[in-house]
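Here's the structure we're looking at; comments come further down.
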Amino acid sequence: MTLSRRLVLQLGGSAAALAPLSRRAFADTWPSRIVKLEVGFPPGGGLDSAARIAASRLSDIWGQTVVIENRPGAGGRIAMDATAHAAPDGYTMILAPGAPGVLSLLFDSLTFDPADLEPVSMIGTYPNLIVVPNSSPFAKLEDFITFAKANPGKITWASPGVGSIPYMAGELFKRMAGVDITHVPYRGVTAGAMTDLIAGRLDAMFNTTGSLLPAVSGKQVRCLAVTSAQRFPIAPDIPTVAESGVPGYEDVSWYALYVPKGTPADVVKKMNADTVTALADDAIKQKYIPLGILAASSTPDELASKNAADVARWGPIIKEAGIKGE
């Protein structure tokens, strides 16, 4: 072997040996600047509020500011696309609802691959609520279902958009209750949709506890049901869909943190460990309660398994019902 060839091999071996050390050194110094947390819905909604609680606590732990970047629209897909295509350097994260892989079942073409969103940790679970205006003639979900069956297509209902978690809850409700109600998508159900609902221009809304529970508590709207299998401990007076005429109905989802695929494993590990620490704090748990969120962390593998199970659950339902994104 020539000297030059031996030198090249030695240098290559040294570089390979140093690579893990370099990655660990990067994780040891990360974060050294602002971390961006993408949110696919407008300020003031449930997911945005949940993100701000997490961002504040992680900022304290990391000694660097975690900045919220709202990219509303398309049921959260705009923010997911931005995250999936961001540099995998540990400085872009996203808080997303549910399993991103379900979107592949709904849309023939996406501008990103949900597999390019790498799981970090859950932050909490939540059901959805079904609400109507205070002026609505429907005092109970049973009344709503009876009218909907007698008047196909007449009732309008809002969600944050096709493919969003509340939209899927609504489609499951339509299928299991045997009703035809007309979907009206909004760009993140916040002020505009709530204004239309309160004014009676919409008949109903499906959205997260985080987005709707404050309005329900403030008696701005009337809540007909919660989508969890059992009454939600945060709002035990609200009946479930299952006990209100749709036996077997259940839909509970989660918020979770993701990063671009290829983010250094040691950084993902640190993100996860610090998120687990943040969510174990009783003060943080208490902040989530008014949003209707039960704080809960996970390992990246646990989150990946939960996502896969959700895709498997929704696949047959989406196919059988012929649900397609717009």
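The values are calculated or read from the model by the stated rules, or taken from the named source; none is laboratory data. Model, not experiment: these values are computed from the prediction. When we count neighbours, we look across all protein chains shown, and the Cβ atoms used for this are built from the backbone with ideal geometry, even at glycine. Ligands, DNA and RNA are excluded from the accessible area calculation, which covers all protein heavy atoms including side chains. Shrake-Rupley method; radii C 1.70, N 1.55, O 1.52, S 1.80 Å.
Please report the accessible area of Tyr91 (heavy atoms, 1.4 Å probe, ligands and nucleic acids excluded) in Å², nearest 10.
Surface open to solvent at Tyr91 totals about 20 Å².
Output the 0 to 90 degree angle, nearest 10, between the alpha-carbon long axis of helix 46-62 and the longest principal axis computed from the alpha carbons of the chain.
30
Would you mind checking the radius of gyration and Dmax of the range 146-220 based on alpha-carbon positions, in Å?
12.1, 32
Once you have a ≥ b ≥ c as the square roots of the Cα gyration tensor eigenvalues for the range 40-93, tell me rounded if a/c is under 1.5, and otherwise prolate or oblate according to whether a/b is larger than b/c.
Verdict is oblate for the range 40-93.
Quick one: if you take sqrt(5λ) for each eigenvalue of the C-alpha gyration tensor of the range 86-212, what semi-axes come out, biggest first, whole angstrom?
One finds semi-axes of 31, 16, 13 Å for the range 86-212.
From largest accessible area down, sort His85, His183; use a 1.4 Å probe on the protein chains.
Result, largest first: His85, His183.
Need the C-alpha centroid separation for the range 36-91 versus the range 215-279, integer Å.
Computed from Cα coordinates, the inter-centre distance equals 17 Å.
Per the helix-only calculation at 222 nm, which mean residue ellipticity applies to the chain, given -39500 (n - 2.57) for every DSSP H run of n ≥ 4 and division by its residues, nearest 500 deg cm²/dmol?
-13500 deg cm²/dmol
Quick one: length gained pulling Ser32 to Arg313 fully straight, 0.36 nm per residue minus the C-alpha distance?
Taking 0.36 nm per residue and subtracting the Cα distance, the gain is 97.1 nm.
When ligands, DNA and RNA are left out and all protein chains stay put, how many square angstrom of accessible area per residue does the range 100-188 have with a 1.4 Å probe?
36
Among Lys285/Lys306; Lys261/Lys287; Lys140/Lys219; Lys140/Lys319; Lys36/Lys287, which pairs are too far apart, with a Cα-Cα distance over 19 Å?
Cα-Cα > 19 Å for Lys285/Lys306; Lys261/Lys287; Lys140/Lys319; Lys36/Lys287; rest within.
For a quick check of your reading of the filter: which trypsin sites (Lys or Arg not before Pro) in the range 204-257 sit in a DSSP loop and have no more than 14 other Cβ atoms within 10 Å?
Those satisfying the criteria are Lys219.
If you take the Cα Rg of the range 174-285 and divide it by 2.2 N^0.38 Å, with N the number of residues, what do you get?
The reported ratio for this selection is 1.38.
Note down the Stokes-Einstein diffusion coefficient of the range 80-127 in µm²/s, whole number, using a Kirkwood radius over alpha carbon pairs, 37 °C, and 0.692 mPa s.
276
Treating only the Cβ of Lys, Arg, Asp and Glu as charged (+1, +1, -1, -1), what charge dipole size does the chain show about its Cα centre? Round to the nearest 20 debye.
My answer is approximately 400 debye.
Among Ser217, Gly46, Pro239, pick out the residue whose Cα is farthest towards the positive end of the charge dipole of the chain, where Lys and Arg carry +1 and Asp and Glu carry -1 on C-beta, about the Cα centre.
My answer, from the dipole projection, is Gly46.
What number, in percent, do you get for the relative contact order of the range 132-291 if the mean sequence gap of Cα pairs under 8 Å and at least 6 apart is divided by its residue count?
24
Taking a cut-off of 32 Å, what percent of all Cα-Cα pairs in the chain are separated by more than that?
Percent of Cα pairs beyond 32 Å in the chain: 32.
Roughly to the nearest percent, how much of the accessible area of the chain is carbon and sulfur, given a 1.4 Å probe?
55
Pick out, in residue order, every one of the trypsin sites (Lys or Arg not before Pro) in the range 142-184 that is DSSP loop and has at most 13 other C-beta atoms within 10 Å; say none if there are none.
Those satisfying the criteria are Lys154.
Around Asn272, what is the net charge, scoring Lys/Arg as +1 and Asp/Glu as -1 over all other residues with Cβ under 13 Å from its Cβ?
-3
Using a 1.4 angstrom probe and counting only protein chains, how large is the accessible area of Glu243 in Å², to 10?
90
Excluding Asp301 itself, what net charge comes from residues whose Cβ is under 12 Å from its Cβ, given Lys and Arg +1 and Asp and Glu -1?
0
What percent do you get for the relative contact order of the range 230-326 when only Cα pairs under 8 Å and 6+ apart count?
About 19 percent, as a whole number.
With unit charges on the beta carbons (Lys and Arg positive, Asp and Glu negative) and the dipole taken about the Cα centre of the chain, which residue among Phe138, Ser297, Ala79 sits farthest to the positive side?
Toward the positive end, the furthest listed residue is Ala79.
Given a Förster distance of 45 angstrom, what is the FRET efficiency for Asp89 paired with Ala321, based on the Cβ-Cβ distance and rounded to 0.05?
0.65
Scan around Leu224 for amide H atoms under 5 Å from its own, H built in the peptide plane at 1.01 Å from N, and keep only partners 5 or more places away or cross-chain.
It is Ile130, Val131, Val132, by chain and number.
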